[in-house]
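Here's the structure we're looking at; comments come further down.
What follows is calculated from the coordinates using simple rules that are stated; it is not laboratory data. Not measured: the values here are computed from a predicted model. Reconstructed Cβ throughout: ideal geometry from the backbone, glycine too, with neighbour counts over all protein chains shown.
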Amino acid sequence: MTSIAPTPVPRGLKPLLAVRDLRKSFGNREILKGISFDLMAGQTLVLIGPSGSGKTTVLRCLNHLETPDGGTIELLGEPIGGAYMGEGAKWRALPEADMARQRRKFGFVFQRFNLFPHLTALENVAIGPAKVLGLSRKEAEARAAVQLTRVSLADHMDKRPSQLSGGQQQRVAIARALAMEPRLILFDEPTSALDPELVHEVLDVMAELAREGMTMVVVTHEMSFARRVADHLIFMADGEIVEEGLPEAVFSAPREEKTQRFLAHVLNR
Amino acid sequence: MSIDWSVVQMAIPLLAEGTVMTLKIAAIAGILGLAGGVALGLISLGGLAPARWMVRAYVDFIRGTPLLIQIFIVFFGLPAMGLRLGEFWAGVIALSLNCAGYVAEVVRGTVGAVEKGQTEAAKSIGMTHGKILVYVLLPQSIRPMMPALTNDVITLLKNTSLLSVISVYELTRSGQAIIASHFAPVEIFTLLAIYYYAIISVLSWISRVIERRLPAW
Ligand SMILES: Nc1ncnc2c1ncn2[C@@H]1O[C@H](COP(=O)(O)OP(=O)(O)OP(=O)(O)O)[C@@H](O)[C@H]1O
Ligand SMILES: [Mg+2]
């Protein structure tokens, strides 16, 4: 595994998210073979790679929708999901309530939106603040309205997901994540279920979030977005980081053959 | 074959008394069975492992043994435990226990069939298991549960006829009494079938009305 030197980190600054040697197998297939990276607050990391390379699994391990088999994840120095404790450093998983408390520091935006179909857009966004953070219904709805306005959906707050276009639904999902005031947001191919003409409205919202200083990890096949918005780019294949660096560098001068082949394939589509 | 219309004429009002009893049994056992079944279903969805295991065993027992045997076990078992409640309550309890087992399966199955992404989205905003169940999964399950629950209630209503074996004076039993004194089994059993069919048709209609009124999205 070779890598271009990562973006230099100012001395003394601790990363928001530190991932070390993350491993995951399904059955006896090793899907993640030791993934490590740091992410500074306010930065956008974009993960690219061929289908099946493990990008989704990385995101799902970060907020423990999937339990990793090995390695550590630290958010502001706090180990996620449990800790190595006692002699022999045995792994102790956190109780569910603590896990849930950690999980809400990660927003998650799903490929297929996963909005709650029985709730309106406003309720979809307000339910977390109300039922998880314990805000009153009025406060929660006020907060939800702010976030929906932020993603330009102020006029659609009372609609159910089924009454919204894909692009609108995905923006509701982003607002739902934002309303929990997460430390960072994980995006798993947020535009790949959308009709092509709706892709830009979601990417624009994400670019705006990045500009405002939100920390994000984005899995995407939108290479122009990666080029424009990423502070750091990671190319994965077969459960490993093959190459990483500034997007400009990776795109214009990929060092690894696997990267070259992948980029040639996706950029010439 | 000739139909004895005078027996039929005499039986129609007599059977009404049995019908009231049948409806009473079905209503009480239905409410207890639905409530118990939802509780059991929730335990099997979100309870601690030993509790889930016990519900599993209970449902297996209910589904794996004849209702008639269950009725006898309750009917003879309650007095053996010092509870003398009479045949009416023994019958109601047996039917409730039976109904609860099937309802538990419906609840578990329907809630379990809600798309996995719903649970994951709820987790991602920090919800714990209980909240996910209450705010995300159950509200989406009520409507899809209706047809199966209606079936369970209809089955319960038909099963009330089995209580005739422990001398509960419900519809079937009241028909048997007429047969014993007037010997017109074909007329009376046909009449019983018509009574049950009418009751069940009304039930199905009510269920469809309720289902239509439930919110959809
Ligand atoms: N729950 C699971 N059980 C078994 N195998 C799984 C599971 N989730 C993922 N996999 C496998 O792990 C591999 C990596 O999957 P992952 O979804 O992380 O890839 P990806 O890079 O996101 O691909 P894509 O671009 O198609 O979304 C795939 O081969 C997939 O089949
Ligand atoms: Mg994926």
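At a glance:
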| read-out | value |
| --- | --- |
| Principal axis box of chain B, alpha-carbon based, largest edge first, Å | 71, 45, 25 |
| For chain B, calculated [θ]222 nm from helices alone, where every DSSP H run of n ≥ 4 adds -39500 (n - 2.57) | -27500 deg cm²/dmol |
| Computed [θ] at 222 nm, helices only, for chain A once each DSSP H run of length n ≥ 4 contributes -39500 (n - 2.57) | -10500 deg cm²/dmol |
| Convex hull projection area averaged over all views, the protein assembly as shown, Cα basis, nm² | 33.1 nm² |
| Segment B:159-188 and segment B:1-42: distance between their alpha carbon centers, rounded to Å | 12 Å |
| Simple label model, 7 Å out from Cα along Cβ direction - residue B:61 to residue A:265, nm | 5.7 nm |
| Nitroxide proxy distance, nm - points 7 Å out along Cα→Cβ at residue B:134 and residue B:216 | 3.0 nm |
| Charged-residue dipole, Cβ positions (Lys, Arg, Asp, Glu), segment A:116-181 about Cα centre, Debye nearest 20 | 80 debye |
| Label-point separation in nm, residue B:69 to residue A:28, each point 7 Å along Cα→Cβ | 4.3 nm |
| Which of A:154, A:127, A:39, positive extreme of dipole for chain A (C-beta unit charges) | A:127 |
| Modelled FRET efficiency - R0 56 Å, residue B:202 with residue B:80, Cβ distances, 0.05 increments | 0.90 |
| Check: segment B:26-150 dipole with +1 on Lys, Arg Cβ and -1 on Asp, Glu Cβ, in debye | 220 debye |
| Alpha-carbon centroids, segment A:92-162 and segment A:195-213: separation in whole Å | 19 Å |
| Charge dipole (the protein assembly as shown, unit charges on Cβ, about Cα centre) - positive-most of B:180, B:169, B:144 | B:169 |
